[in-house]
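So the structure is just underneath, and the comments pick up after that.
The values are calculated or read from the model by the stated rules, or taken from the named source; none is laboratory data. Remember, it's a predicted structure, so these values are computed and weren't measured experimentally. Note: ideal-geometry Cβ built from the backbone for every residue, glycine included; neighbour counts use all protein chains shown. For the accessible areas, the whole protein counts, side chains as well, though only heavy atoms, and no ligand, DNA or RNA atoms are used. Shrake-Rupley method; radii C 1.70, N 1.55, O 1.52, S 1.80 Å.
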Amino acid sequence: MEAITRVGRLRWGVLAMLFGVTIINYAVRSALSLAAPSLSKDLGIDPLQLGIVFSAFGWSYVIAQVPGGWLLDRFGAPRVYLWVIVAWSIITVAHGAVVWLSGAAAVTALFALRFLVGLAEAPSFPANARVVASWFPARERGTASAVFNAAQYFATVLFAPLMGWIVADFGWPWVFVTMGALGLVVSLFWGRVVRDPRDHPRLGAGELGLLVEGGALVDPVAQPLVDPDAAKAENRRKMRVLLTTPTLWGLYSGQFFINTLTYFFITWFPVYLVQARGLSVMKAGLFATMPAVCGFIGGVLGGIWSDWLLRRGVSLTWARKAPVVAGMLGALTILGCNFVHSNTLVLLFMSLAFFGKGVGALGWAVVADVAPRDSAGLSGGIFNMFGNISSITTPILIGWILKETGSFDLVLMLVAGSALAAALSYLFLVGKIERIGAQA
């Protein structure tokens, strides 16, 4: 215990910064969903059009994952992350100007702006995974990954009531102005806190030794200057490994289904509360905080549980798989909302479901465990690309279901089915969890 105290805790300060930035990242993603009930009424947007607008983020987010991963490997996560924070903040502020449009023009403008936000945010989660892989030994990596991943729930806890109040008292455009301005403020502090370990002036020798001994990716793999043909051949080799490894395909599949739950929560969930449960926008923002709190707690506990299993001698494979499977099966409680009329029971079932979803959201920890050392950013980008295809399909499919049926019952069945599919992916498709390329 004394040795751990002496090595320092700078890595936890870096994680705190990742946590704060990821909160803002998800608040920016969910701002449209909180504004949607008022925005769609003011601008004359129907449910299917709104679903298409929600999906715009996903189109660019998916497309930009591989280029974003390449940027991370080429220029480093700290530098690229600063660029994207500034970019998504400026674009978010611009959403407020759509108030002057209506109909098709408003839909087009919102789609374009959400597309640009997705483009800007694309490197963020691969960068989170890359920073965690650099700053944390394997035995702490599950907890660290769970903390930054759980920020998506804390974003709702912290900002949903605030954004609901802003919409009610000042109008929906000010939600976007506020969140964009906050991102710009945070960008001023980023460079002082987050750097590569060997470049950080406050990292002591003891903590650096802990990282190196624990398998952290402290030293970037050298990128020698080679001729273009050789560089292309090397990139093809990396892509071939990342697209032909069976365990990675299990991870890609599992993340797609897990993110279906995520994108229901950050797009259509507030609309569900207003339209299906009769809450005001202000009350919907407050109501959404309890499931978000439970998701946050579940997310942190899932990582702690995974690392505890690892320290107890359970294999890395099952230390990561067990929380995912248990959490996704727990998320099936969302189906209970279809059979009750009481909003209190809806709150209970949603809270249990998102607690389970939080426990099971360990995909980024697994990516940090298995990513090849020479393509950590690229592997995170591909993982995020496949996982976030659901950011395109989920909003559109839900919008179509609502337009055709006028009911959220089938929507919640879709969400529950995705949780079950995620559990099955980890059970039967994900094989042994170990660093790719380290077996030789």
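Below is a table of values for the structure above.
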| item | result |
| --- | --- |
| Within region 271-290, considering residues that are of a type outside the set (A, V, I, L, M, F, W, C) and open to solvent by less than 10 Å² (accessible area, probe 1.4 Å), the one modelled with the highest pLDDT | Tyr272 |
| Any hit, region 375-391, residues being open to solvent by 50 Å² or more (accessible area, probe 1.4 Å), at pLDDT 90 or above and either in contact with an Asp or Glu (Cβ under 7 Å, 6 or more places away or on another chain) or not in a loop (DSSP other than H, G, I, E, B) (or both) | no |
| Residue under evaluation His341, criteria (1) touching a helix residue (DSSP H, G or I) at 6+ places or on another chain (Cβ under 9 Å); (2) not charged (D, E, K, R); (3) not in a helix (DSSP H, G or I), criterion not met | (1) |
| Subset of region 397-423 (residues that are at pLDDT below 90, among the small types (Gly, Ala, Ser) and in a helix (DSSP H, G or I)) | Gly399 |
| Qualifying positions in region 163-195 - free of Cβ contacts under 8 Å to residues at least 24 places away in the same chain, of a type outside the set (Lys, Arg) and open to solvent by 30 Å² or more (accessible area, probe 1.4 Å) | Asp169, Phe170, Thr178, Val185, Leu188 |
| Residue that is part of a helix (DSSP H, G or I), in contact (Cβ under 8 Å) with a residue 40 or more places away in the chain and in contact with a Lys or Arg (Cβ under 8 Å, 6 or more places away or on another chain), where the choices are Ile297, Ile266 | Ile266 |
| Pairs, first more than 17 Å from Ser33 (Cβ to Cβ) in region 95-113, second modelled with pLDDT of 85 or more and of a type in the set (Asp, Glu), C-beta under 7 Å, six or more apart | none |
| Filter result for Val98 (more than 19 Å from the chain's Cα centre (by Cα), buried (at least 22 other Cβ atoms within 10 Å of the Cβ) and either of a type in the set (Lys, Arg) or at pLDDT 80 or above (or both)) | yes |
| Number of the exception - Val370 against (1) farther than 22 Å from Phe154 by Cα; (2) surrounded by fewer than 21 Cβ atoms within 10 Å (Cβ to Cβ); (3) among the β-branched types (Val, Ile, Thr) | (2) |
| Complete set of residues in region 228-259 that are among the acidic types (Asp, Glu) and open to solvent by less than 80 Å² (accessible area, probe 1.4 Å) | Glu234 |
| Condition check for Ala151: assigned to a helix (DSSP H, G or I), at negative phi, buried (at least 22 other Cβ atoms within 10 Å of the Cβ) and aliphatic (A, V, I, L, M) | yes |
| Looking only at region 120-144, and only at residues there that are closer than 11 Å to Ala376 by Cα, under 14 Å from the mean Cα position of the chain (by Cα) and of a type in the set (A, V, I, L, M, F, W, C), the one that is surrounded by the fewest Cβ atoms within 10 Å (Cβ to Cβ) | Ala127 |
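The rows are residues; the columns are (1) closer than 22 Å to Val281 by Cβ; (2) in contact with a His (Cβ under 7 Å, 6 or more places away or on another chain); (3) in a helix (DSSP H, G or I); (4) not hydrophobic (A, V, I, L, M, F, W, C).
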{"site": "Leu32", "(1), (2), (3), (4)": "yes, no, yes, no"}
{"site": "Ala35", "(1), (2), (3), (4)": "yes, no, yes, no"}
{"site": "Leu48", "(1), (2), (3), (4)": "yes, no, yes, no"}
{"site": "Gly69", "(1), (2), (3), (4)": "no, no, yes, yes"}
{"site": "Ile90", "(1), (2), (3), (4)": "no, no, yes, no"}
{"site": "Val98", "(1), (2), (3), (4)": "yes, no, yes, no"}
{"site": "Thr108", "(1), (2), (3), (4)": "no, no, yes, yes"}
{"site": "Phe115", "(1), (2), (3), (4)": "no, no, yes, no"}
